[in-house]
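Reviewing the structure listed below.
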Amino acid sequence: MSFDIPNLDRKSYPQLVAELIRRIPQYTTQWTDYNDSDPGITLLQLLAWLDDSLLYQANAIPIQNDQNYLRWVLGLAFSSNETSYSKVAVTDNDFDFLALQQVLTQMEQGAALSRETLQQDVLAYVQQPYMALTLSNVDTLAMQTNLVIAQQQKKKPADPPSPLVRQAYAQSAGEGCIAYVLSDAKWRYQYPYYPNQQQYKGSSTTLRKLLMIQPQDDAKAEKTLLDQVTTYLKPRVIAGNQVWVRAAQLTDINLALTVRCAANTRVDVTLTLLFATLFRYFLPCEGGTDGQGWAYGEAPVADEIRHLVFSVPGIDAIDSFDFNFIPTMELDTMATLDVNAQLADLPPGEPAMFYRGLPRLRCLDVIARSSQA
């Protein structure tokens, strides 16, 4: 929430009188004399005069009131004072408190701070949570761990640098919640030599592009990041509550499709644009249908992907479409539950897709051919 300082003294005395008189017919039809000689009009004029005076006084509150409010919010008469909370703010990295304390320091040193600036600084502090009371609080506090990591790296530069929290997704779990943390570690992808460096099967009207994710061992760096988030959240969790920090769950996505391009369309340009559009769609924080990222646990839908494909200029039809992620587990044989009951295999047919957390593109394979092929 933010707002500008309102101008309370916006109406003059004649405007207030006219407004009161215009409202008389709303309450009675028997009052018909609006001249100054009418005793009722005299009373309204008195009320308008009082209102004009109060508005002027309310609009002339000195800036010292805002400065004192800043001190009251901090609990400090001077920036050099120490309280039990100001000490904890340093040890527990309460960045918002320390930033507001710095504003008080600037004010004491004679910096010209307007009423609007003071109010915005106070609101910025009040709006930021210190305690992990709600799921959104947990998300915000988990992201603030990046500031602690930045401080640590300044004191002791690491090579390579420690990963940061790219996004946090707090989910309810019994009496507490789980903070799923997505690090900013980059996923490595590779274009295999075949078929990306040559025409597909020797055809001049058909092109293929294939992208594969490359496995990497980030377990140590990710554990370090989770430990740092846990350490930052620990003093901010109220007694009797629980917040567990886990790595964000990722579901590997495989997508293979063949599209037919319209006549007089450059297949290579259309393929490049389609490939980039599909790749961005599956990015956890920048993808999705609205480009605002994926909600945790929201699975991509095949129909939305088809709609996205047709939104790319130059595509006439989809000849083949294979979209899948982790399938439902199937039993090879009958499983015995007890003496009198058995659990049968799933019936034959296409297995259901099992999805958790956020999408991670594992394989993207696109073939584009001209309609003239």
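The values are calculated or read from the model by the stated rules, or taken from the named source; none is laboratory data. Predicted, not measured: the structure shown is a model, and the values here were computed from it. Cβ coordinates were reconstructed from backbone atoms using ideal geometry, including for glycine residues, and neighbour counts include every protein chain displayed.
Checking each residue in region 39-60 for being within 48 Å of the chain's Cα centre (by Cα), in a helix (DSSP H, G or I) and more than 15 Å from A18 (Cβ to Cβ) picks out S53, L54, L55, Y56, Q57, A58, N59.
Under 20 Å from L164 (Cα atoms) and within 26 Å of the chain's Cα centre (by Cα): is that true of Q228 in this structure? Yes; evaluated as a whole, the condition is true for this residue.
For (1) surrounded by fewer than 13 Cβ atoms within 10 Å (Cβ to Cβ); (2) assigned to a helix (DSSP H, G or I); (3) within 23 Å of the chain's Cα centre (by Cα), each residue gets a yes or a no:
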| residue | (1), (2), (3) |
| --- | --- |
| V138 | no, yes, yes |
| A142 | no, yes, yes |
| I178 | no, no, yes |
| I213 | no, no, no |
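Go through region 15-41 residue by residue and tally those that are among the aromatic types (F, W, Y) and either touching a residue at least 40 places away in the same chain (Cβ under 8 Å) or loosely packed, with under 10 Cβ neighbours inside 10 Å (or both). Looking only at that region, the number is 1.
Yes/no per residue for (1) touching a Pro at 6+ places or on another chain (Cβ under 7 Å); (2) part of a helix (DSSP H, G or I); (3) modelled with pLDDT of 90 or more; (4) among the acidic types (D, E):
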| position | (1), (2), (3), (4) |
| --- | --- |
| T231 | no, yes, yes, no |
| P235 | no, yes, yes, no |
| N241 | no, no, no, no |
| D252 | no, no, yes, yes |
| L255 | no, no, yes, no |
| V259 | no, no, yes, no |
| N264 | no, no, no, no |
| R280 | no, yes, yes, no |
| P284 | yes, no, yes, no |
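Restricting attention to region 109-125, the residues that are in contact with a helix residue (DSSP H, G or I) (Cβ under 8 Å, 6 or more places away or on another chain), of a type outside the set (A, V, I, L, M, F, W, C) and in a helix (DSSP H, G or I) add up to 4.
On the given criteria, is V339 of a type in the set (V, I, T) and modelled with pLDDT of 85 or more? No; evaluated as a whole, the condition is false for this residue. Which is out of contact with any strand residue (DSSP E or B) (no Cβ under 9 Å at 6 or more places or on another chain), at pLDDT 90 or above, under 30 Å from I149 (Cβ atoms) and surrounded by 14 or more Cβ atoms within 10 Å (Cβ to Cβ), of L44, L98, L74? On inspection, the qualifying residue turns out to be L74. The residues in region 144-176 that are in a loop (DSSP other than H, G, I, E, B) and either closer than 30 Å to G240 by Cα or among the β-branched types (V, I, T) (or both) can be counted, and the count is 3.
Could we say that V148 is within 20 Å of E298 (Cβ to Cβ) and among the β-branched types (V, I, T) here? Against the criterion (within 20 Å of E298 (Cβ to Cβ) and among the β-branched types (V, I, T)), V148 does not qualify. Report the residue count in region 47-71 for those that are at pLDDT 90 or above and of a type in the set (S, T, N, Q). Adding up the residues that qualify gives 0.
Please work out which residue is nearest to Y169 (Cα to Cα), limiting yourself to region 342-373 and to residues that are among the aliphatic types (A, V, I, L, M) and at pLDDT 85 or above. Out of the qualifying residues, it is L358. Of all residues assigned to region 6-17, none qualifies as being at pLDDT 90 or above and in a loop (DSSP other than H, G, I, E, B).
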